[in-house]
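No value in this document is a laboratory result; all are computed from the given coordinates. This one's a predicted model, so the numbers in the text were calculated from it and none came from an experiment. In this analysis, Cβ positions are derived from the backbone assuming ideal geometry, glycine residues included, and neighbour counts consider all displayed protein chains.
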Amino acid sequence: KTNMSDIRRSLLKSNLPPMGPPGVPGMKRGGRGRAGMSGRKDYTPASWKKYWDSSEDVTLEGGDVFRIYKRGSAGPLLLLLHGGGYSALTWSLFAENVSEMVECQLIAIDQRGHGDTQTSDNVDLSAETLASDIGRVVDAVYGSQQPPCVLIGHSMGGAIAVHTAYYGYVAGLAGLVVIDVVEGTAMDALSSMQSFLRGRPQNFNSLQNAIEWSVRSGQTRNTEAARVSMPGQVKNTETGSCGTADVESSANINQNQESGVPLRADVIPEEDGDSGTSQVAEHSSTQTSTEIKLPVKKYTWRINLGETEKFWSGWFQGLSAKFLACSPAKMLLLAGIDRLDTDLTVGQMQGIYVFIIILENLDEISLQCYLMYSSTYFNCNFFLQNPKDSQIQKIIIAF
């Protein structure tokens with residue numbers, strides 16, 4: 001069997017391939033490439049199939065159907081829970097990178113009301129219901145054969161991960177990782193959440209436009225991540241189906257992803273490289289003849305988060321105490337120490353959980369020091385700065 005020390009040694013000795021800059025056409029992740037001559041960003045929706053081995057619909061008692069994405073067939077299970085309004089495909093690049101570093105199984109779940117999951121009550125986003133859903137899905141997939149499991153959640157998903165672990169909905173939990181959510185900060189932010197939601201566009205003319213907005217607005221900083229995850233966050237206003245269905249059913253998209261021919265939904269405004277302003281990209285007749293015009297379809301958000309406001313406080317109230325009381329090994333990843341409330345500060349000082357702070361300007365020596373010494377000083381603070389994708393995953397694997 002491979003123990004934690006073996007994993008640390010292999011990570012320290014590994015020479016990971018360079019990661020291509022996100023969103024640069026012609027530059028593939030995990031290898032070198034050449035940027036496209038035009039320098040235009042590619043907002044074409046991407047299929048989940050590059051990142052996951054399979055997509056399955058898990059039917060539970062009562063008829064609720066949960067979409068899950070799976071990768072890997074051996075080793076411990078990393079169970080991934082997305083944030084509110086997102087989808088399981090948010091974890092696509094994470095799953096790809098982690099599975100290249102260590103042997104494990106990964107499952108990402110479209111939670112109730114999100115993505116391609118369909119339930120009898122899509123608006124019941126209470127913490128109890130969402131946490132119960134997770135346990136039922138895991139039981140339906142694995143039964144008594146469930147491997148050791150590490151539960152990883154981001155934002156709302158982090159809160160639901162805590163509730164799932166605290167109430168014991170998933171048996172055999174070996175670890176709990178909570179990303180970017182603590183009780184105090186989350187509760188303070190709820191008062192401005194409706195204003196934030198109203199500030200988003202309510203409709204998009206195409207999946208490309210939705211992906212472009214996601215990148216330019218800063219909702220997703222990685223263009224590749226936006227291309228695969230944004231279709232899971234919107235639905236076709238005509239069919240009511242999630243955008244992922246259009247990605248997979250479009251023969252034009254599938255054929256041209258393979259051939260590398262860019263796709264367009266009429267025209268997409270491009271950023272001016274000098275001024276940062278937007279302009280409508282002009283295409284000559286020659287360019288248009290080599291591109292495929294996708295039919296313009298309107299999309300809106302898959303879930304109306306504003307209608308679920310009555311459940312928001314339930315996600316976060318008492319979260320710190322529940323997190324500290326969970327029995328598995330625990331890790332908390334935040335963007336700053338100022339986000340810790342009193343309970344978490346005391347718990348961190350007592351070494352109850354591993355605390356990672358994400359700041360700027362990470363150097364490789366600091367990363368290797370953490371990996372080398374975390375076995376001896378596992379509850380020490382570590383300041384992770386300007387994290388690259390692979391570095392975040394190294395930290396979680398070491399945990």
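Okay, here's what the table says:
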read-out	value
Burial order of peptide ranges 142-152, 112-122 (average beta-carbon count within 10 Å, highest first)	112-122, 142-152
11 Å beta-carbon shell around residue 332, net charge (K/R +1, D/E -1)	+1
Karplus 3J(HN,Hα) series, Hz, for segment 186-194 with 6.51 cos²θ - 1.76 cosθ + 1.60 (x for Gly, Pro)	5, 5, 5, 7, 4, 5, 9, 5, 4
Protection proxy ranking, peptides 228-235, 104-111, 69-76, 123-130, average beta carbon neighbours within 10 Å, highest first	228-235, 104-111, 123-130, 69-76
Amide H contacts under 5 Å for residue 354, placed H, 5+ residues apart	330, 331, 332
For residue 234, distant residues with modelled amide H under 5 Å away	243, 302
Segment 65-221: relative contact order in percent, alpha carbon pairs under 8 Å with at least 6 residues between	22
